[in-house]
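Below you'll find the structure, written out as structure tokens, and then a few comments.
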Amino acid sequence: HYEPTWDSLDARPLPAWFDEAKFGVFIHWGVFSVPSFGSEWFWWYWQKEKREPYVKFMEANYPPGFSYEDFGPLFTAEFFDPNQWADVLKASGAKYVVLTSKHHEGFTLWGSKYSWNWNAVDVGPKRDLVAELATSVRNRTDLHFGLYHSLFEWFNPLFLEDATNVFKTRKFPTSKSLPELYEIVTKYQPEIIWSDGNGNAPDTYWNSTGFLAWLYNDSPVRDTVVTNDRWGVGSICTHGGFYTCSDRYNPGHLLPHKWENCMTIDKRSWGYRRDAQLDDYLTIEDLVKQLVETVSCGGNLLMNIGPTHDGRIAVVFEERLRQMGAWLKVNGEAIYGTKPWRAQNDTLTPEVWYTFSPKEGKVNAIFLNWPVSGTLELGEPQARLGETQV
């Protein structure tokens, strides 16, 4: 039984499946996929920060008085085929997927009763996108299904009121954020709750420990669910399940706590960008390097794609996912279910990373550059003649 305190919650062992999985796919999809310009932070950059490229983009392409809410009905998802998505996810070699159920814009991809008229069932697709993807992933793959959920919402009046009161009032979490969290867990039984967006408020405002105690003790996923570390100011890299520490976090050395490197194939954005150039996308060599470094140092890689407003996984993203799957088909035994070895990389030869397979008792040396001489020299392993098999 877990108490609603960080001491108690942090003592919960991480369900083993997460460490064994090593590789997941992140999906950023929402109303921001309609303008699909600049970033998934489009609304904030345009309306709050009034950044010039965003203001000019709107002036050039939309009538005066056009609001962000007007993008809602244009989020149509007419080409969204959850079975095809599931097949691509499976082909990537990923063992889990994390879908944005709600980003900081507050639009929920399920028909939330706490997000009236600002959700995918009432507006836009008129479909429960979370339910459809969850069903396809569970029917067609062995991937674990997870959901991202933003605690705060940029322009929600209740949140803004609480913020004005320096979070002494708690109207927003009690009427919106927490009810949504209970709703998605009960309804979709995700095995990852990927929390984000603390809105500069402490975990006591969000009642994060209360929610997590329920999640670990009484929820339908209490035995298998995994959580991250974004539960309020000061909790990141300190409290929760696995640590994310920051976006694109790749320390390059072993950490004492399970962690995850969440990063994007498009170097500049989490959401889809129509104006992205080929150079903006990481190559498969870049991505494999990220995976190998991350796993060697005890982390998981969560690699992000941004689908289009009409529900397509752009061909360049699909290609990267399938390339990663092809690499893992050959080299997966050096990735899945491994543990960090005593050395993470080689002292003698650069770009060589190690993992350890505990069941077989073997060390895996993954080299990212083919040796020019045709001979790979390793400084770390101590081989014994007649005993060591290579």
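The values are calculated or read from the model by the stated rules, or taken from the named source; none is laboratory data. If you're wondering where the values come from, they're calculated on a predicted model, not measured in any experiment. Here Cβ is always computed from backbone atoms with ideal geometry, including for glycine, and neighbour counts include all displayed protein chains. Surface areas here come from the heavy atoms of the whole protein model, side chains and all, with no ligands, DNA or RNA. Shrake-Rupley method; radii C 1.70, N 1.55, O 1.52, S 1.80 Å.
Quick look at the values:
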{"read-out": "Accessible area of E49 in the full protein assembly, 1.4 Å probe (Å², nearest 10)", "value": "90 Å²"}
{"read-out": "Expected 222 nm ellipticity per residue - DSSP helices of 4 or more, -39500 (n - 2.57), all of the chain, to 500", "value": "-8000 deg cm²/dmol"}
{"read-out": "Cα-based helix-to-principal-axis angle, 284-296 vs the chain, degrees rounded to 10", "value": "80 degrees"}
{"read-out": "Virtual spin-label span in nm between V166 and Q47, 7 Å along Cα→Cβ", "value": "2.7 nm"}
{"read-out": "Solvent exposure ordering (accessible area, 1.4 Å, most first) of K289, K171, K176", "value": "K171, K289, K176"}
{"read-out": "Cα Rg, Dmax, segment 1-111, angstrom units", "value": "19.2, 57"}
{"read-out": "Whole-Hz couplings from phi, Karplus 6.51/-1.76/1.60, listed for segment 361-377; x for Gly and Pro", "value": "x, 10, 9, 10, 9, 9, 10, 8, 10, 5, x, 4, 6, x, 10, 9, 9"}
{"read-out": "Farthest toward positive dipole pole in segment 6-334 [+1 Lys/Arg, -1 Asp/Glu at C-beta], among L151, Q84, F167", "value": "F167"}
{"read-out": "Per residue, in Å², the accessible surface of the chain once ligands and nucleic acids are set aside, probe 1.4 Å", "value": "44 Å²"}
{"read-out": "Of K258/K362; K289/K362; K329/K362; K95/K176; K22/K267; K90/K113, pairs whose Cα-Cα distance is over 25 Å", "value": "K95/K176; K90/K113"}
{"read-out": "Cysteines in the chain lacking a second Cys C-beta under 4.7 Å", "value": "C262, C297"}
{"read-out": "Carbon and sulfur %, accessible surface of segment 1-149 computed with the full protein complex present, 1.4 Å", "value": "52 percent"}
{"read-out": "For the chain, built as a Gaussian network whose Cα springs stay under 10 Å, the top-fluctuating residue of Q189, Q47, Q344", "value": "Q47"}
{"read-out": "Dipole magnitude of the chain, debye to nearest 20 (Cβ charges: Lys/Arg +1, Asp/Glu -1, about Cα centre)", "value": "280 debye"}
{"read-out": "Percentage relative contact order, the chain, counting C-alpha pairs under 8 Å, at least six apart", "value": "20 percent"}
{"read-out": "Backbone HN-Hα couplings from phi across segment 45-51 [Karplus 6.51/-1.76/1.60, Hz, Gly and Pro as x]", "value": "5, 6, 8, 8, 8, 6, 5"}
{"read-out": "Packing-based ranking, highest mean first, of 264-277, 194-207 given that Cβ atoms within 10 Å are counted", "value": "194-207, 264-277"}
{"read-out": "Degrees separating the helix 208-217 axis from the principal Cα axis of the chain, which is the longest one", "value": "60 degrees"}
{"read-out": "For segment 338-389, size of Cβ-based charge dipole, Lys and Arg +1, Asp and Glu -1, in debye", "value": "260 debye"}
{"read-out": "Kirkwood Rh, Cα atoms: Rg over Rh of segment 46-145", "value": "1.07"}
{"read-out": "Selected from L89, L147, L378 as most flexible by GNM, with the chain as the system and alpha-carbon contacts under 10 Å", "value": "L378"}
{"read-out": "Pair D70, N200: separation of 7 Å Cα→Cβ label points (nm)", "value": "3.0 nm"}
{"read-out": "Given charges at Cβ of Lys, Arg, Asp, Glu: segment 6-334 dipole, positive-most of T283, F71, A120", "value": "A120"}
{"read-out": "Where H149, H309 fall by accessible area, highest first, once all protein chains stay in place (1.4 Å)", "value": "H309, H149"}
{"read-out": "Estimated inter-spin distance, D247 and A383, nm [label 7 Å along Cα→Cβ]", "value": "4.5 nm"}
{"read-out": "³J(HN,Hα), Karplus 6.51/-1.76/1.60, whole Hz, each residue of segment 100-116, x for Gly, Pro", "value": "5, 6, 7, 9, 5, 6, x, 7, 8, 7, 10, x, 5, 7, 9, 9, 4"}
{"read-out": "Most to least accessible of H253, H104 (protein chains only, probe 1.4 Å)", "value": "H253, H104"}
{"read-out": "Distant-in-sequence amide H partners of A314 (H built 1.01 Å from N, under 5 Å)", "value": "T308"}
{"read-out": "Exposure of V315 as accessible area (Å², to 10), given a probe of 1.4 Å and all protein chains", "value": "120 Å²"}
{"read-out": "Segment 279-390 - percent of accessible surface contributed by carbon and sulfur, probe 1.4 Å", "value": "51 percent"}
